[in-house]
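Engineer: The structure's right below; bear with me while I get my questions together.
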């Protein structure tokens with residue numbers, strides 16, 4: 001309780017003192033964060049969610065939506081992730097009216113994780129979703145969750161990382177919580193040996209060239225702090241297609257500012273909505289950046 005109050009006070013203080021990290025935030029964002037009642041929403045989701053183990057995976061059903069999740073992974077995260085994708089009251093919500101998915105859209109789901117956003121894009125009528133997720137255990141789950149859509153060509157899975165250059169890197173994935181991950185360059189001294197494997201990192205521009213992507217209408221990115229690098233590696237794609245963008249911005253304190261500067265600097269006429277505010281690692285910062 002005390003920690004929660006301290007977080008709210010830091011947000012209010014940052015807004016009052018003109019903290020540059022939240023230069024695009026509003027008092028509406030502050031009010032939402034300080035008065036929110038997310039716990040109640042998540043508790044209701046947990047109550048309604050059906051989870052059944054099948055082999056080494058969990059079949060997870062909520063409101064008729066089915067995905068699979070590693071059986072040995074933390075299942076408490078499932079309600080959080082469902083809430084983020086499907087409840088518009090959550091600051092993490094990707095497809096606000098300005099960046100909504102339209103029928104026929106081609107979508108890049110960068111950091112697909114459990115697959116809820118891929119599922120939502122399909123529900124919205126996306127003609128194709130490139131579901132990009134380097135995590136090994138959740139990639140196997142995605143294969144099962146979208147077996148039918150993969151077969152008919154509406155979904156394709158890609159186990160790579162996206163960044164601002166092309167390189168083979170070492171990727172760490174926490175087996176208990178696959179949402180916790182990071183990569184190491186070949187030059188770094190990696191002490192942690194378990195759960196690390198080689199993964200290819202490439203730019204979105206390179207990805208689109210390799211996959212012969214003929215159009216991109218929407219890019220969603222939640223890649224654990226790699227969002228700015230991902231943007232820098234997507235310059236040609238943005239200039240060619242000008243897709244709508246919905247990027248998580250809370251992993252690093254200045255990410256929102258850098259994203260706006262990066263996209264605005266292309267001179268493509270994008271408009272921006274920087275949404276939400278959260279006290280993360282004792283530094284208030286925005287939750288999402290939407291470009292349209």
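The values are calculated or read from the model by the stated rules, or taken from the named source; none is laboratory data. Just so it is clear, the model here is predicted, and its values are computed rather than measured. Neighbour counts are summed over all protein chains in view; Cβ atoms, including those assigned to glycine, are modelled from backbone coordinates with ideal geometry.
Engineer: Looking only at residues that are touching a residue at least 24 places away in the same chain (Cβ under 8 Å) and over 15 Å from residue 90 (Cα atoms) in region 30-59, which one is surrounded by the most Cβ atoms within 10 Å (Cβ to Cβ)?
Structural biologist: Looking at the filtered set, the residue picked out is 57.
Engineer: Tell me, yes or no, whether region 138-153 has at least one residue that is assigned to a loop (DSSP other than H, G, I, E, B), closer than 21 Å to residue 212 by Cβ and in contact (Cβ under 8 Å) with a residue 40 or more places away in the chain.
Structural biologist: no
Engineer: Which residue is farthest from residue 138 (Cα to Cα), if the candidates are limited to region 100-118 and must be touching a strand residue (DSSP E or B) at 6+ places or on another chain (Cβ under 6 Å) and outside any loop (DSSP other than H, G, I, E, B)?
Structural biologist: In this case the residue turns out to be 106.
Engineer: A further question follows. Those residues that are farther than 14 Å from residue 28 by Cβ and part of a strand (DSSP E or B), I need them from region 262-277; list them, please.
Structural biologist: 272
Engineer: Out of the residues in region 239-257 meeting the condition of being within 17 Å of the chain's Cα centre (by Cα) and in a helix (DSSP H, G or I), tell me which one is surrounded by the fewest Cβ atoms within 10 Å (Cβ to Cβ).
Structural biologist: Looking at residues that are within 17 Å of the chain's Cα centre (by Cα) and in a helix (DSSP H, G or I), I get 255.
Engineer: For residues that are in a loop (DSSP other than H, G, I, E, B) and closer than 20 Å to residue 60 by Cα, scanning just region 119-137, find the one that is modelled with the lowest pLDDT.
Structural biologist: Our first condition is that a residue be in a loop (DSSP other than H, G, I, E, B); within region 119-137, this holds for 124-127, 133-135.
When the remaining residues are screened for being closer than 20 Å to residue 60 by Cα, the result is 133, 135.
Details: 133: 97, 135: 93.
For region 119-137, the residue satisfying everything is 135.
Engineer: Also: Take residue 282 and tell me if it is within 16 Å of the chain's Cα centre (by Cα) and in contact (Cβ under 8 Å) with a residue 60 or more places away in the chain.
Structural biologist: No, not satisfied.
Engineer: For region 60-99, name all the residues that are within 17 Å of the chain's Cα centre (by Cα), in a loop (DSSP other than H, G, I, E, B) and surrounded by 12 or more Cβ atoms within 10 Å (Cβ to Cβ).
Structural biologist: Selection gives 87, 90, 91, 92, 93, 94, 95, 96.
Engineer: Please specify each residue of region 216-227 satisfying the condition of being on the phi > 0 side of the Ramachandran plot and not in a loop (DSSP other than H, G, I, E, B). Give the derivation first.
Structural biologist: Initially, region 216-227 is screened for residues on the phi > 0 side of the Ramachandran plot, giving 224-225.
Matches in region 216-227: none.
Engineer: Restricting to region 61-76, what's the tally of residues that are in contact with a strand residue (DSSP E or B) (Cβ under 9 Å, 6 or more places away or on another chain), within 30 Å of residue 289 (Cα to Cα) and free of Cβ contacts under 8 Å to residues at least 24 places away in the same chain?
Structural biologist: Number of matching residues: 2.
Engineer: From the list 272, 280, exactly one residue is surrounded by fewer than 20 Cβ atoms within 10 Å (Cβ to Cβ), over 18 Å from residue 204 (Cα atoms) and in contact with a strand residue (DSSP E or B) (Cβ under 7 Å, 6 or more places away or on another chain). Which is it?
Structural biologist: From the options 272, 280, the qualifying one is 272.
Engineer: So which residues in region 7-27 are assigned to a helix (DSSP H, G or I), in contact (Cβ under 8 Å) with a residue 12 or more places away in the chain and under 17 Å from residue 282 (Cβ atoms), if there are any at all?
Structural biologist: 7, 8, 10, 11, 12, 14, 15, 20, 21, 22
Engineer: Pick from region 193-215 the residues that are modelled with pLDDT of 95 or more and part of a loop (DSSP other than H, G, I, E, B): which of them is surrounded by the most Cβ atoms within 10 Å (Cβ to Cβ)?
Structural biologist: Checking each candidate, the answer is 203.
Engineer: For residue 225, which of the numbered conditions (1) within 16 Å of the chain's Cα centre (by Cα); (2) crowded, with 17+ Cβ neighbours inside 10 Å; (3) closer than 16 Å to residue 132 by Cα fails to hold?
Structural biologist: (2)
Engineer: Return a yes/no flag: does region 28-43 have any residue that is in a helix (DSSP H, G or I) and under 20 Å from residue 122 (Cβ atoms).
Structural biologist: no
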